[in-house]
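This report refers to the structure that appears directly beneath it.
Throughout, read-outs are computed from the coordinates displayed, never taken from laboratory work. Keep in mind that what you see is a predicted model, and the values were worked out from it rather than measured. Heads up, the Cβs are rebuilt from the backbone with ideal geometry, glycines too, and the neighbour counts pull from every protein chain shown.
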Amino acid sequence: MTHRLLMGDIAPDSFTGAIIAVEGILDAAVLLNGPTGCKFYHGAIAETQLPRTGIMDPLQYAEEFYFGQPRVPATYLDGDDYIFGASEKLAGILPRVAGKGHRLIAVLNSPGAALIGDDLERFIAGASLSAPCLAIEHTGFSGTFSQGFQETVIRVLDRVAAPMARRRRTVNLIGTSVMHRHWQGSLDTLTELLSLCGIGVNSVLCAGCRVADLENVGAAEANLMLHPEWADQLSLYLGQRFSQPEVSPLSGAPIGFQATEQWLREVCTALATDPTPALGRLRASRQQAHQALSRFNTLTGLPRGATFALKADGSLALPLTRWLHEYLGMGPVAVQIGEGLPEQRRQLERFLGEIDCAAAWSARPGPLTPDLVFGGEGYIGEYRALGRPVAGIDIALPARGTVEILPRSLLGHSGALWLLERILNRLLTGD
């Protein structure tokens, strides 16, 4: 119910995207009108990706509708509810969720509940709650995660955002979510780089923000797209409603040194500011990388000549493939795009053809065993299921389940160093 089959993988669908959009707001909550089977995964992943409580004892959340989880309370629909409706449960749950102090509540139907026909707007109006509420009757059913995410962000902004006086050299960061690997560290890194360029971050839409940040979204000078495949419709909406221009760097997401430099230059050109201080920070990280690479290559001859397979969203796939090939001298044997726009696919296919690796485009795990596999644990697991003990680097969710305490970044100069560290260690140990 919460996933769709995509190129042999199980991928989150628009229902999950809608839930994560609201649960990515620190002081908002999803009230799920659906069965417990739709609740537990989403309650767990929301708290894992954006923790709000330090209490993990399920007995602390044993009250009705919560089922031992602090997130995504649900009406736990059963057979009778699908026949007669969930009116009684909705009437009982709304005041309880509102009493938790949320600044926004989204009452959201599961795909099955959308068939019942409960009038969510009527229940919300009749509850007379102090917190703003919105009803989401359906989430696109089998649409993509990014579709459900963007459509829900737009619904939230329709409900809370208001026109504001412009603040020069400020941006909204759009097209990222708490489901992106190392999302918080990446945002911290990019915010630091933008600050060095004299650019402030007004709001990060539905990734660790608060409702007040979304109320002020119209104050930004422009909307900076981190992952265009997650922001194309959202950018159109913001441009039409607030007359804000979009900044969508041609280099894609700032992953690796080259793409980060291009990204900074393009953003600073659009905002009429100087990238020099941030480029200095990037140059220092390049020097760190050079020293480590030089020693490693002297001892092993690697990473030049090593092979890799990769699956990532479109804004990551092209700059990461280029960086691995041009900076590290590695060769692609399989490259796939998950969420992606048509132009991203065309650019990546063209680049692989230019480096005489056209056979790698959209190649499935097959007879070739790469030295490294980049992607989520599902993609890495496809190779291992074929009996190939490949070394994997998880750049997307689901991850390997390791406990990570220190902040990490996938994007910017910090992300380049993190990736390089993983690459060299995986090549050294083969794990």
Checking region 300-370 for trypsin sites (Lys or Arg not before Pro) in a loop per DSSP with at most 16 other beta-carbon atoms within 10 Å yields 304
Once the other residues with Cβ under 13 Å from the Cβ of residue 101 are scored (Lys, Arg +1; Asp, Glu -1), what is the net sum? +4
Loop-only check: which trypsin sites (Lys or Arg not before Pro) in region 106-215 are DSSP coil with at most 16 other Cβ within 10 angstrom? 166, 210
With at most 13 neighbouring Cβ atoms within 10 Å, loop GluC sites (Glu not before Pro) (DSSP) excluded, longest segment of the chain: 65-403
Angle in degrees between helix 232-242 and the longest Cα principal axis of the chain, rounded to the nearest 10: 60
Would you mind telling me which residue in 249, 407, 332 has the biggest mean-square fluctuation in a Gaussian network model of the chain, where springs connect alpha carbons within a distance under 10 angstrom? 407
Give, as ranges by residue number, the residues of region 157-191 whose backbone N falls under 19 Å from the point 7 Å along Cα→Cβ of residue 406. 182-190
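Net charge near residue 202: determine it from the other residues with C-beta under 12 Å of the C-beta of residue 202, scoring Lys and Arg +1 and Asp and Glu -1. Show your work: numbers first, answer last.
Working: positive: 166, 167, 168, 169; negative: 213, 215, 221.
Charge balance in the 12 Å sphere: +1.
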Mean separation of Cα contacts under 8 Å, 6 or more apart, over the residue count of the chain: relative contact order %: 14
Cross-link reach list, lysines versus residue 89, counting only Cα pairs under 30 Å and skipping chain neighbours closer than eight places: 39, 100
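Below 11 angstrom from the Cβ of residue 251, what's the summed charge of the other residues (Lys, Arg +1; Asp, Glu -1)? Numbers along the way, then the final one.
Values: positive: 265, 322; negative: 261, 266.
Net local charge, residue 251 excluded: 0.
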How far is helix 412-429 tilted, in degrees, relative to the longest principal axis of the Cα atoms in the chain, given as a value from 0 to 90 rounded to the nearest 10? 70
